Amino acid sequence: MTSNVGPDLGDPSLYVQGMPYDLFAELRRMGPVHWNAPAEDRGGFWAVLGFAEIMEVSKRSNLFSSAHENGGHRIFDENEAGLAGSGDSGIGVPFISRDPPIHTQYRKFVVPALSPVRLDGIETRIEARVEALLADVPLNTAINILPFFTVPLPLLTLAELLGVPTQTWRDLHRWTDAFIGEDDPDFRQSPEAMQQVVGEFFGFCQHLFETRRAAPTADLASLLANSEIGGKPVPFPDFVGNLVLALVGGNETTRNTLNHTMIAFARDPQQWQIIRENPDLLPGAVKEMARHASAVIHMRRTAMHDTELGGQTIRKGERVVMFYPAGNRDEAAFAEPDRFDVTRQVRQHVAFGAGAHVCVGSRLAEMQLRVAFRLLARHVSAFEVVGQPQRVRSAFINGFKRLDVRLVT
């Protein structure tokens, strides 16, 4: 077993100033899998930093479990700390914390809600939202782009998917920040404040659950409320857990990929000019945006048997934590991986995970990115980042609390 080299990869403070890509590269040169020693608040884990090894873990769900009873999908033990580290709040188990075949059964209910038939016309509606949001963005002026554009866009889409009123997006935003922000004092101010958030969210979920059970529609909330697993209706706590998953998965990746990509275009204006001159590149470019941004930092698995990975012996019961930003910058998988290149032909990345647990909403996320930058290209000639972005203190979400940019016409 190798010992720690450099900082603790599970420490959220490590990511406050930006993703430690140089550290990832240094560690990866020593080997794609490294032991990260225990910390005061959790046990040790195997850090998986190589693209090929992340793919291997992702595709072997029979060997590497994300099940709640085995610790779940986060560095901490979800079955002890509760979902999102919120304690015993009564929130049930989301299907991301289930292994096949139960995980697969849930996906069979969710995937139809995101099918082209169910989403007929959604791209047109996303275009209308983007144009409406951009109409309120002060151009040629330094603004925090989050409340104007990158936060509301995916949440408005999520509100449509859930079949809830448009104005609900502000509550969804507040709740999401609380659920993902267990290590950020701005998001998780106190146990009492978190208890209030959970109470509000439970009230929202209870109403949604009861109305969709009584009168199902074609929306995602109806499908989740009326799912049957093993012939039994999904219990209310698990419905709540799956809504938390929909909130986090449905907006954090899109929101922060938008943010990271604006920064990338500001750093390399030529890349933005390529898009403006060749908008037909966007279907491929959005994959590069997702790879380069890597909005989710980690996903955890637990070894169900002794095995070997990346030259290391993994023992049954040990944590195995995949670091997606490291895998997406692996030199063995991507030429000049640190370079943002909208013409890059990305065959596969791990920004949305891989294997049985790959994000069910990845195509919708790509659609929003494609539409957003296609319409931005009509109005904006350049992006300028003003000051230092404020990042979320998190080892889970590679995100921002504030990003001041100037959209230059």
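Please treat every number below as a calculation from the coordinates, not as lab data. The structure displayed is predicted, hence computed values, not measured ones. Neighbour counts run over all protein chains shown; Cβ positions are idealised from the backbone, glycine included.
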Inset, instruction - Calculate, for residue 193 and residue 390, the FRET efficiency according to 1/(1 + (r/R0)^6) with r their C-beta to C-beta distance and R0 22 Å; round to the nearest 0.05. - result: 0.65
Legend entry - Straight-distance crosslink candidates among aspartates and glutamates, where the alpha carbon sits under 15 Å from residue 108 and sequence neighbours closer than 8 are dropped: 99, 219, 228
Inset, instruction - Mind running the shape call on segment 102-215? Use the C-alpha gyration tensor, a ≥ b ≥ c as the square roots of the eigenvalues: rounded below 1.5 for a/c, prolate if a/b tops b/c, oblate otherwise. - result: oblate
Legend entry - Positive-pole candidate from 249, 197, 109, dipole of the chain, charges at beta carbon: 109
Legend entry - Computed helical MRE - 222 nm, the chain, DSSP H runs ≥ 4 contributing -39500 (n - 2.57), nearest 500: -13500 deg cm²/dmol
Inset, instruction - With a ≥ b ≥ c taken as the square roots of the eigenvalues of the C-alpha gyration tensor of segment 370-409, please select rounded if a/c is under 1.5 and otherwise prolate if a/b is larger than b/c or oblate if it is not? - result: oblate
Legend entry - Per-residue ³J(HN,Hα) for segment 262-275, Karplus 6.51 cos²θ - 1.76 cosθ + 1.60, θ = phi - 60°, Hz, x for Gly and Pro: 4, 5, 4, 5, 5, 6, 10, x, 4, 5, 5, 5, 4, 5
Legend entry - Sum of side-chain charges, residue 143 neighbourhood, beta-carbon under 14 Å (Lys, Arg +1; Asp, Glu -1): -1
Inset, instruction - Take the alpha carbon atoms of segment 311-388, find their center, do the same for segment 186-255, and report the distance between the two centers in whole angstrom. - result: 27
Inset, instruction - Report, ordered by chain and residue number, the aspartates and glutamates lying within cross-link reach of residue 316, taken as a straight Cα distance under 16 Å and ignoring same-chain residues fewer than 8 apart. - result: 69, 77, 306, 308
Inset, instruction - Quick one: compute the contact order of segment 135-237, relative version, from alpha carbon pairs under 8 angstrom and 6+ residues apart, as a percent. - result: 19
Inset, instruction - Quick one: dipole size for the chain, taken about the Cα centre, charges +1 on Lys/Arg Cβ and -1 on Asp/Glu Cβ, in debye to the nearest 20. - result: 820
Inset, instruction - Using only the Cα atoms of segment 252-409, build the gyration tensor, take square roots of its eigenvalues as a ≥ b ≥ c, and label the shape rounded, prolate or oblate: rounded if a/c is under 1.5, else prolate if a/b is larger than b/c, else oblate. - result: prolate
Legend entry - segment 1-153 - charge dipole about Cα centre, Lys and Arg +1 at Cβ, Asp and Glu -1, debye rounded to 20: 540
Legend entry - Inter-site label distance for residue 348 and residue 277 at 7 Å from Cα along Cβ, in nm: 3.4
Legend entry - Spin-label zone in segment 104-137 - amide nitrogen under 14 Å from a point set 7 Å from the Cα of residue 226 along the C-beta vector: 109-110, 112-113
Inset, instruction - Find out how many positive minus negative residues lie around residue 44, taking Lys and Arg as positive, Asp and Glu as negative, among other residues whose Cβ is under 9 Å from that of residue 44. - result: +1
Inset, instruction - Consider a paramagnetic label point 7 Å from the Cα of residue 401 along Cα→Cβ; state which residues of segment 148-177 have an amide N under 14 Å from it. - result: 177
Inset, instruction - For the chain, build the charge dipole from Cβ charges (+1 Lys, Arg; -1 Asp, Glu) around the Cα centre, then report which of 407, 369, 149 sits farthest towards its positive end. - result: 369
Inset, instruction - With only Lys, Arg, Asp and Glu charged, each at its Cβ (+1 for the first two, -1 for the last two), find how big the charge dipole of segment 250-409 is about the Cα centre; round to the nearest 20 debye. - result: 520
Inset, instruction - In a Gaussian network model over the chain where Cα atoms closer than 10 Å are linked, find which of 356, 365, 221 has the largest mean-square fluctuation. - result: 356
Inset, instruction - May I ask which residue of 294, 360, 345 lies farthest towards the positive end of the charge dipole of segment 283-409, with charges of +1 (Lys, Arg) and -1 (Asp, Glu) on Cβ and the Cα centre as origin? - result: 360
Inset, instruction - Quick one: which residues, 5 or more positions from residue 340 or on another chain, have an amide H under 5 Å from its amide H? H modelled 1.01 Å from N in the peptide plane, none for Pro or chain starts. - result: none
